[in-house]
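Written below as structure tokens is the structure these notes are about.
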Amino acid sequence: MIKETDFLVIGSGIAGLSFALKVAEFGKVIIVSKTNLEESNTKYAQGGIAAVTYKPDNFEKHIKDTLIAGDGFCNKEIVEMVIKEAPKQIEQLINWGVSFDQNKLGKYDLGKEGGHSENRVLHHKDNTGEEIQLSLVEKIRNHKNIEILENHFAVDLITQHHLGKLVKRSHNNTECYGAYILDLNTDKVDTFLSKITLIATGGTGNLYETTTNPKIATGDGIAMVYRAKGIIENMEFIQFHPTSLYNPGEKPSFLITEALRGFGAILKTTSGEEFMHKYDERKSLAPRDIVARAIDNEMKITGDDHVILDCSHLDSNDLKEHFPNIYEKCLSLNIDITKDPIPVIPAAHYTCGGIKVDENGASTINYLYAIGEASSTGLHGANRLASNSLSEAIVYANRAAKDSAKRINQIKIHTEIPEWDSQGTTYPEEMIMITQNYKEVQQIMSNYVGIVRSNLRLERALKRLEIIYKETEELYEKSILSQKLCELRNLINVGYLIIKMAKDLHESRGLHYTIDYPKKGTISEF
Ligand code: FAD
Ligand code: SIN
């Protein structure tokens with residue numbers, strides 16, 4: 001089947017949905033989402049969305065905090081742009097029906113998280129993401145110019161390559177004409193032709209055994225753009241959230257928001273000793289890279305499987321009122337957070353790098369935009385400041401929408417694209433070939449490419465991944481496609497990019513720490 005549209009939006013988190021709502025007044029929009037519209041990383045966001053909304057906070061302070069967290073690797077112009085444009089886009093979210101908590105004076109109840117010098121995180125209890133996701137989905141489902149295709153999995157982008165032309169990363173003249181999409185209801189790959197294509201497919205948490213990300217986060221968009229010869233950057237900067245609930249076997253790992261530390265909770269070893277003062281003067285509220293490494297180190301010293309987060313000194317009613325979901329979740333595991341310590345460990349959480357884009361979210365492939373966690377804008381540098389990603393997503397949704405809407409009438413649909421060729425393929429004989437390789441990739445990345453790295457570990461990871469890559473490509477060539485097989489292939493592509501970029505960075509900076517080059521180099525902001 002062939003479908004045509006003005007805007008093809010791949011992904012239904014905050015980035016894809018906000019973009020779709022904005023461009024729908026300029027043309028026909030199709031949104032594809034690989035499960036249902038509601039499922040995304042966005043839905044699980046807890047802490048909130050960072051923006052300057054009151055005095056004595058100001059743009060300069062938020063900019064400074066972002067640059068410090070990014071460890072000298074942010075693009076300062078982009079940081080300034082996003083932080084200054086965020087408040088207006090938050091108003092837009094509110095106009096779309098999103099509600100943020102207010103205090104008795106009718107002012108926003110602002111939370112604080114690691115690396116922030118002021119309280120500036122707007123939130124909805126401890127389930128801000130769900131509030132945003134469900135409000136946007138409701139708007140989208142009622143929009144007459146937006147067609148929604150759930151259980152549709154984007155497999156690959158369509159470029160001149162599919163017209164038999166040579167496409168090279170270095171040529172910088174690739175054009176995107178749409179995407180091949182696997183309809184998970186029929187197992188058929190359909191051709192979607194579009195004037196503008198948007199990648200809003202989120203991050204890659206599932207490359208690791210322990211992650212806060214739901215199952216959908218498998219780096220599909222980043223892998224697709226890489227295969228289509230777009231530029232991917234900064235993939236070595238994978239953010240581990242310091243505090244996910246230690247509950248072996250639970251996937252995804254339940255997040256214990258950093259806002260809880262902003263509220264006064266303290267990190268301790270299992271024997272009740274505070275330790276963060278040994279690593280940073282900001283203690284439990286230091287930026288995430290520092291806290292995650294400190295916890296990793298303490299766990300190595302003590303041999304324990306986790307550390308603890310102590311809230312027992314905090315007012316129990318306030319605690320329950322501000323963090324009702326965390327309270328209920330822990331109680332379901334017989335942990336009363338008003339009295340008992342919460343066992344926590346770091347978990348893969350956020351992909352700072354991704355598809356290289358300009359200030360409007362345009363990728364290095366013409367007619368292709370990328371926004372949200374899948375993109376690399378220059379905002380986060382080597383380590384994202386907490387709660388800056390939701391702000392980044394809405395600012396870029398607005399910019400990409402404006403930029404692409406201006407061009408839409410000049411772009412033509414390429415109708416001569418061949419349909420997907422599945423001749424000679426069969427269903428894989430044994431799914432175990434896929435599930436076993438999926439687990440192996442996660443083990444390799446967790447054990448060799450985690451919080452602390454070394455040349456030897458990265459080298460070993462690359463060799464092991466190459467074997468799995470060859471096996472999976474062989475299987476891919478002869479198989480009728482399935483979501484699991486495509487996701488495995490994407491994870492391998494993205495894992496390769498992380499290892500390769502980590503190997504090439506001969507210093508320790510932000511989230512990339514290697515024992516072979518423990519010091520920071522001389523690269524400064526660009
Ligand atoms: P997502 O919200 O992840 O959406 C991606 C979408 O793409 C999904 O709909 C998915 O199904 C779809 N998709 C993926 N691949 C395909 C494919 N091949 N075909 C079709 N569809 C596809 N950030 C903050 O700023 N503040 C917070 O408080 C915060 N808390 C967080 C808590 C948790 C537990 C997690 C996991 C993240 C948190 N983050 C937070 C990060 C933030 O939630 C994400 O970075 C952000 O929501 C990403 O939005 P997105 O739209 O780019 O991607
Ligand atoms: C959290 O609530 O701790 C997560 C915030 C974020 O990832 O930005």
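Compute from the Cα atoms of the range 122-240 the Rg and the Dmax, the latter being the longest Cα-Cα distance, and quote both in angstrom.
Expressed in Å, the Cα Rg and Dmax of the range 122-240 come to 17.1, 53.
Where the only charges are on Cβ atoms (+1 Lys, Arg; -1 Asp, Glu), what is the dipole of the range 44-99 about its Cα centre, to the nearest 20 debye?
In debye, rounded to 20, the range 44-99 gives about 100.
If we sort 141-153, 299-311 on the protection proxy, mean other Cβ atoms within 10 Å, highest first, what's the order?
Final packing ranking: 299-311, 141-153.
Highest mean first, how do 465-478, 183-196 rank when packing is the count of other Cβ atoms within 10 Å averaged over residues?
Per-residue Cβ counts within 10 Å, averaged per peptide and sorted highest first, yield 183-196, 465-478.
Against the empirical 2.2 N^0.38 Å scaling, what ratio does the C-alpha Rg of the range 173-317 come to?
Taking N as the residue count of the range 173-317, the ratio is 1.42.
What full-extension length gain, to one decimal in nm, is calculated for Glu430 and Lys88 as 0.36 nm per residue of separation minus the Cα-Cα distance?
Length gained, Glu430 through Lys88: 117.9 nm.
Want the number for Thr415 to Asn119: 0.36 nm per residue separation, take away the alpha-carbon distance, what's left?
Length gained between Thr415 and Asn119: 101.3 nm.
Using the crude model of +1 on Lys and Arg Cβ and -1 on Asp and Glu Cβ, and no other charge, please compute the dipole size for the chain relative to its Cα centre, in debye to 20.
1020
Normalised by the number of residues in the chain, what is the relative contact order in percent for Cα pairs under 8 Å and 6+ residues apart?
Here the relative contact order equals 22 percent.
Please check which bits of the range 1-23 a label hung off Asn360 would reach, taking the label as a point 7 Å along Cα-to-C-beta and the cut-off as backbone N under 15 Å.
Taking a point 7 Å out along Cα→Cβ of Asn360, the residues of the range 1-23 whose backbone N falls under 15 Å are 23.
Run the dipole for the range 63-198 about the Cα centre, Lys and Arg Cβ at +1, Asp and Glu Cβ at -1, nothing else charged, and hand back the magnitude in debye, nearest 20.
With Lys and Arg at +1 and Asp and Glu at -1, about 420 debye.
Are any of the pairs Lys107/Lys283; Lys125/Lys329; Lys55/Lys107 more than 22 Å apart by Cα-Cα distance, and if so, which?
Where the Cα-Cα span goes over 22 Å, the pairs concerned are Lys107/Lys283.
Which of Gln239, Thr159, His171 sits closest to the plus end of the dipole of the range 130-273, meaning its Cα is farthest towards the positive end, when Lys and Arg get +1 and Asp and Glu get -1 on the C-beta?
His171
Measure up Lys84/Lys165; Lys300/Lys463; Lys229/Lys402; Lys64/Lys268; Lys88/Lys165 against 32 Å on the Cα-Cα distance and list the ones that go over.
Distance filter (> 32 Å) returns Lys84/Lys165; Lys88/Lys165.
Could you tell me the relative contact order of the range 257-372? Use alpha-carbon pairs under 8 Å, at least six residues apart, and round to a whole percent.
Relative contact order here is 21 percent.
Would you mind working out the accessible area per residue for the range 450-501, using a 1.4 Å probe, and quoting it in Å²?
In whole numbers, the range 450-501 has 43 Å² accessible per residue.
Normalise the Cα radius of gyration of the range 1-88 by 2.2 N^0.38 Å (N = residues in it) and let me know the number.
1.43
Percent relative contact order of the range 224-309, based on C-alpha pairs within less than 8 angstrom and at least six residues apart?
After rounding, I find 27 percent.
Take the Cα gyration tensor of the chain, multiply each eigenvalue by 5, square-root it, and list the three semi-axes largest first, rounded to whole angstrom.
That gives 36, 27, 22 Å for the three semi-axes.
Using a cut-off of 19 Å between alpha-carbon atoms, which lysines can reach Lys478, once sequence neighbours fewer than 8 places away in the same chain are excluded?
Filter leaves Lys188, Lys470.
Using a probe radius of 1.4 Å on heavy atoms only, what accessible surface per residue do you get for the range 210-310? Whole Å² is fine.
35
How high is the FRET efficiency from Glu77 to Val167, r the C-beta distance, R0 45 Å, rounded to 0.05?
E(calc), rounded to 0.05, equals 0.90.
If each residue of separation counts as 0.36 nm, what is the full-extension length gain between Asp403 and Lys500 once their alpha-carbon separation is subtracted?
Between Asp403 and Lys500, full extension yields 31.7 nm more.
State the Cα centre-to-centre distance between the range 278-339 and the range 187-259 in whole Å.
One Cα centre to the other: 25 Å.
Show me the ranking of peptides 451-461, 489-499 by mean Cβ neighbours inside 10 Å, starting with the highest.
Averaged packing, sorted descending, gives the order 489-499, 451-461.
What are the aspartates and glutamates whose alpha-carbon lies under 18 Å from the alpha-carbon of Lys339, with same-chain residues fewer than 8 places away excluded?
Straight-line reach from Lys339, under 18 Å: Glu273, Glu274, Asp310, Asp315, Asp318, Glu321, Glu328.
For the pair Ile2 and Asp336, what calculated FRET efficiency results from E = 1/(1 + (r/R0)^6), where r is the Cβ-Cβ distance and R0 = 60 Å, to the nearest 0.05?
Approximately 0.55, to the nearest 0.05.
Could you tell me which of His380, Trp420, Tyr369 has its Cα farthest along the dipole of the range 337-423 towards the positive end, charges placed at Cβ (Lys, Arg +1; Asp, Glu -1), taken about the Cα centre?
Highest projection toward the positive end goes to His380.
The values are calculated or read from the model by the stated rules, or taken from the named source; none is laboratory data. Bear in mind the structure is a predicted one, so any value in this text is a computation, not a measurement. Methodologically, a virtual Cβ is constructed for each residue, glycine included, from the backbone with ideal geometry; neighbour enumeration extends over all protein chains shown. Just the protein is used for accessible areas: all its heavy atoms, side chains included, with ligands, DNA and RNA removed. Shrake-Rupley method; radii C 1.70, N 1.55, O 1.52, S 1.80 Å.
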